[in-house]
Amino acid sequence: MNFVECHEEPIHIPGYIQSFGYLIGIDAESHSITFFSKNIEDIFTIESPEQLFDRKLTDFPGVFKSVTESDIYTSLSDFTKRDNETYFDKIFIEGKEYHLSAFRSKGNIFLEFEKVSVNPNKRITNKYDNFYIIDDEQEIWDQLLSTLSRIVNYDRMMVYKFMMDGSGKVVAEKTNDNLESYLGLHYPESDIPIQARELYMKKRKRIFSNVHAETVPVLSKKLGEIDLTYVASRGMSPIHGQYIKNSGASSSFSISIIIDDHLWGLVTCQNSEPKHIDLEDRVQAGIFTALASNAYSSFKSKNELNYRLELNERALRLKAEFLKHNSLFNSLIDNKDEIKNILEADGLAIVAEEKIVTEGNAPDENTIQAIVQWAHENTDDQIYLSRSFLKDHGKELGLDEKAAGVIIYFMERSKNNVLIWFRKEFDEHINWAGNPEKKVDVVFRDGEEKKVVSPRTSFQLFTEDIKGNSRRWDSRNIVALQSVRDLILETSHKNYNTIKRLNDELKKVNEELDSFSYTISHDLGTPLTVMKLNAQMLLKTLTDTSEKSRNKINSIIEEIDSMAEMMNDVLQLSRAKHSEIQLEDLEAQRTIEKISENAKITFDSPQTEVIIKDCPRVLADKTMLHQVFLNIINNAIKYSSQQENPKVVIEGTEEEDQVIYKISDNGIGIPEENKHKMFKIFNRMDNAKKFKGNGVGLSIVHRIMKRIGGEVSYKSDKDGTTFILTFKKPYL
C-alpha cells in the first residue's frame, strides 16, 4: 500500500478546472487547438468538440470570431513573448461580456474565459496612499484587510504569515461579527505543503468560487498531463477541497504576500456561501496586497537600518574598549556584559586560555566543558545555532533550563577558544486551529489502495505546550554575532601584529641578556674570587682585631658568596633556555637521594625527615632533571628547616602517558597574595625574607619543565607546600 504525503500531491496537473472558467489551449507555433475544457460548448456553438483538435480557431470564423478579432489574438505573438506573463481583454460572446486572459507556458498558449460580474459593493478608495505613512506592522495588515473588504467582502479575511518551520500564524483578521476569531492561531505546515507554497509564488491570486460545484475536465489527445499552474480557474485538489469544507466555508480566495522575493504569507479569505469575485476585482485586490507588502518591506527596512546604525554605534564603543587591552582574552573578560547583551542573550561563557569565565545566567563549568566537547565532535562550522538545544541534547549533556538555546562561536577551534551565548527555557504555548496531528485515511485511487493524509475535521482551539526551547534567535541576533566576530578578528589581527613586534624586540633583549649573563659570570667571576681571597687573608692576619671588625669582614665574605651564587643561577637560567637538550629514559631515585642528603647538610637541617617513596623513571634531559630536583628539594628542606619536626615527602606515580612527582613539605607555605608571582625571576615571598635565596630557582624549574615537555604546579596552605612535577613517561 502506497503512502501519499500532502507535499506529493500533483496539484498543478489536476486535469480539470472550476466551472466558472472556460479554457482553450493552442500550440504556440502552429496555433492549432491541442486541448480545451469540456464546458466551452456552453458558450461557443460547437456541433462536436472533438472536431476542434488540431484545427485553428480561425477555421471556425462563425464560432470564435469574437476571440480571433480581439486585440490579444490579433497581436498574439507580441503578447506571448515571455512565458507565464498574462494579458487581459474583454470580449462579447453571444451578447454576454467575458474576460479573456492569455499567456504562454511550456509550448502552449492558454486562452481563458470567465463571465464579467459586477460588484455592487465596490467603492473607489484612496486608502492605498495611506500604506506608506503607516509606521506600525500590525496597522499595515489591518489596513489592507479593511481596504480589501470593500472589494472582496468575504465572511472571514485573514493575513496568514509563514513561520520558519513552514507552519503559519494568523497575524491579522477581519470577520463578520458572528464568527469565532482565529487571530493568533497557528496552522501546521501540512495545511499548505511545499508544492502549494511554490504555486503561490507563481500564481499569486487563487480563487475557489464554489467548493461544492462539479469540476470540468480538460480534454486533450496528447499524452501527458497539462500543467495548469497559471490558469486562474485551475481546479483544486480533493484534499484542499475537503479542507475548506471542513472549515465550514464554501468559497475561498487567497493572494500571495511576497517580501524580498520570498513567500512571506497569504491574504486568505473564506465565505460560508459560494461566492465568485470578478477578475478585475481580483487584480485590484492583488495590487492593494502588493502595495501593502511594499509598505511592510519599507517599514522593516527602515527599522533594520535604524538597528544597524545602533549596532554600529555599539560595535564602535566595544572596539574602543577592546583596544585598551593587549590581550583578546582580557578584552572579552572586561566587556563580557556587553557581549552578552548585544545578542540579547541570558548568559555568556568565554572559553579561552584554558579558562572559563561566565556572565549572566550561564551553566556551571562542567556543563560548559561538555557543550564545548560536543561542539568539537558534532559541528564543523565556525558558528552553531539552536533554540532547541535543551530539548535535543538535554539528557545527553546534563543540561538545565539555562541552556535551552545556544549560539556557539569558535574563535579558534585548534586552541579551544570559544564563545557561547545562552538563552533560558521559554514556556511556549502554541494555539493551533485544531489538532495539528496528521490523520491518515485509506482511499482507492487509479485502481490502487493508498494511504493519504486526511484534512482536519475540527478547527477548534488546540493548545500545545512545548518544552526545551528558548526564544528564537532572529536575523538581528545573527547580524550582531557577525559584528562581534568581525571585531574579534580585527582585534586578533592587531594583537598578532603587536605581539610579533614585541617578540622581535624581546628576542633582541633576550640575546643581549644572554650575552650579559655570560659576561657577568665570566668577567665578574675573577674579581669576586680575588676579593674573597683578599678578605679571607685579611681575616687571618687580624688576630688581635676586635670581634666587631672580624664580623664585618665575615659579612663581606658572605655577600661575595651570595653574589657568586646569584651570578651562577642567572647563568643556569640562561642555559635552561638555550642549551641543547637530549630526552632519554632516566632513573630518578639516586639523583633524588643524593640531592636530599646534600640539602640537609647545606641548610644545616640534619633533623629533617626525608621520606622517599616510589621513584618511577622519566623522559627528560639528564642535566636539566638534576637542576629541577635540586631546586625543588632544596626549597622544601630549606623552608621547613625551622619547623619543630621538619618533614619532606617525595613520591612519583604513573598515570597513562605521564609520570607525576609530588614533593611535599611542612614548611612556611606560600601566601595567597604572592601566588601570582611564584615563577617570576627575582621574586621572593613575603614570608621567606629570613631565608637565604635570590628568587631564581623556581624560574629555572619552570623554564626547564616547559623545554622538556612537562609542567610544574603547586598547592599550598598554612600546613606546607606540595610541588607537582609532570614528566612524560619513557617510551616502552
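The values are calculated or read from the model by the stated rules, or taken from the named source; none is laboratory data. Model, not experiment: these values are computed from the prediction. Cβ placement follows ideal geometry from the backbone for every residue including glycine, while neighbour counts extend to all protein chains displayed.
Table for the structure above
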{"quantity": "Where SER250 falls short, out of the listed (1) in contact with a His (Cβ under 9 Å, 6 or more places away or on another chain); (2) buried (at least 17 other Cβ atoms within 10 Å of the Cβ); (3) modelled with pLDDT under 90; (4) over 30 Å from ALA295 (Cα atoms)", "calculated": "(3)"}
{"quantity": "Only listed residue being under 18 Å from ASP474 (Cβ atoms), charged (D, E, K, R) and either under 19 Å from the mean Cα position of the chain (by Cα) or assigned to a helix (DSSP H, G or I) (or both), chosen from GLU321, GLU344", "calculated": "GLU344"}
{"quantity": "Any chance ILE207 is assigned by TED's automatic domain parsing to the domain that holds LEU266, loosely packed, with under 15 Cβ neighbours inside 10 Å and in contact (Cβ under 8 Å) with a residue 24 or more places away in the chain", "calculated": "no"}
{"quantity": "Scan of region 584-616 for residues that are part of a loop (DSSP other than H, G, I, E, B) and under 14 Å from GLN642 (Cα atoms), ordered by number", "calculated": "PHE603, ASP604, SER605, PRO606, GLN607, THR608"}
{"quantity": "Top-ranked residue of region 362-372 - restricted to ones that are of a type outside the set (Val, Ile, Thr) and under 19 Å from the mean Cα position of the chain (by Cα), ranked as nearest to VAL418 (Cα to Cα)", "calculated": "GLN369"}
{"quantity": "Pairs, first over 15 Å from ILE601 (Cβ atoms) and outside the structural domain of ASP614 (by TED's automatic domain parsing) in region 633-652, second of a type in the set (A, V, I, L, M, F, W, C) and surrounded by fewer than 18 Cβ atoms within 10 Å (Cβ to Cβ), C-beta under 6 Å, six or more apart", "calculated": "none"}
{"quantity": "Qualifying residue in region 271-278 (condition: closer than 30 Å to GLU112 by Cα and either outside the structural domain of LEU179 (by TED's automatic domain parsing) or touching a Lys or Arg at 6+ places or on another chain (Cβ under 8 Å) (or both))", "calculated": "yes"}
{"quantity": "Residue within region 405-422 that is over 20 Å from GLN482 (Cα atoms) and surrounded by 14 or more Cβ atoms within 10 Å (Cβ to Cβ) present", "calculated": "no"}
{"quantity": "Residue check, LEU183 over 21 Å from PRO274 (Cβ atoms), more than 42 Å from the chain's Cα centre (by Cα) and at pLDDT 90 or above", "calculated": "no"}
{"quantity": "Helices (runs of 4 or more DSSP H) enclosed by region 1-105 - at least 2 residues per element that are at pLDDT 90 or above", "calculated": "61-68, 71-74"}
{"quantity": "Search result, residues across region 660-717 that are at pLDDT below 85 and small (Gly, Ala, Ser)", "calculated": "ALA688, GLY693, GLY695, GLY697, SER699"}
{"quantity": "Qualifying residues in region 92-107 (those that are under 47 Å from the mean Cα position of the chain (by Cα) and either surrounded by fewer than 19 Cβ atoms within 10 Å (Cβ to Cβ) or assigned by TED's automatic domain parsing to the domain that holds LEU219 (or both)) - the one nearest to SER66 (Cα to Cα)", "calculated": "GLY107"}
{"quantity": "Subset of region 162-196 [surrounded by 17 or more Cβ atoms within 10 Å (Cβ to Cβ), of a type outside the set (S, T, N, Q) and either outside the structural domain of TRP264 (by TED's automatic domain parsing) or closer than 22 Å to MET236 by Cα (or both)]", "calculated": "PHE162, GLY168, TYR187, PRO188, GLU189, ASP191, ILE192, PRO193, ALA196"}
{"quantity": "VAL283 vs. criteria under 28 Å from SER19 (Cβ atoms) and surrounded by fewer than 20 Cβ atoms within 10 Å (Cβ to Cβ)", "calculated": "yes"}
{"quantity": "SER181 being under 30 Å from ILE40 (Cα atoms) and in a loop (DSSP other than H, G, I, E, B)", "calculated": "no"}
{"quantity": "Among the candidates THR80, THR34, residue that is in contact (Cβ under 8 Å) with a residue 40 or more places away in the chain, out of contact with any Ser or Thr (no Cβ under 7 Å at 6 or more places or on another chain), outside the structural domain of ASP227 (by TED's automatic domain parsing) and surrounded by 15 or more Cβ atoms within 10 Å (Cβ to Cβ)", "calculated": "THR80"}
{"quantity": "Any hit, region 350-359, residues being hydroxyl-bearing (Ser, Thr, Tyr), surrounded by 14 or more Cβ atoms within 10 Å (Cβ to Cβ) and at pLDDT below 90", "calculated": "no"}
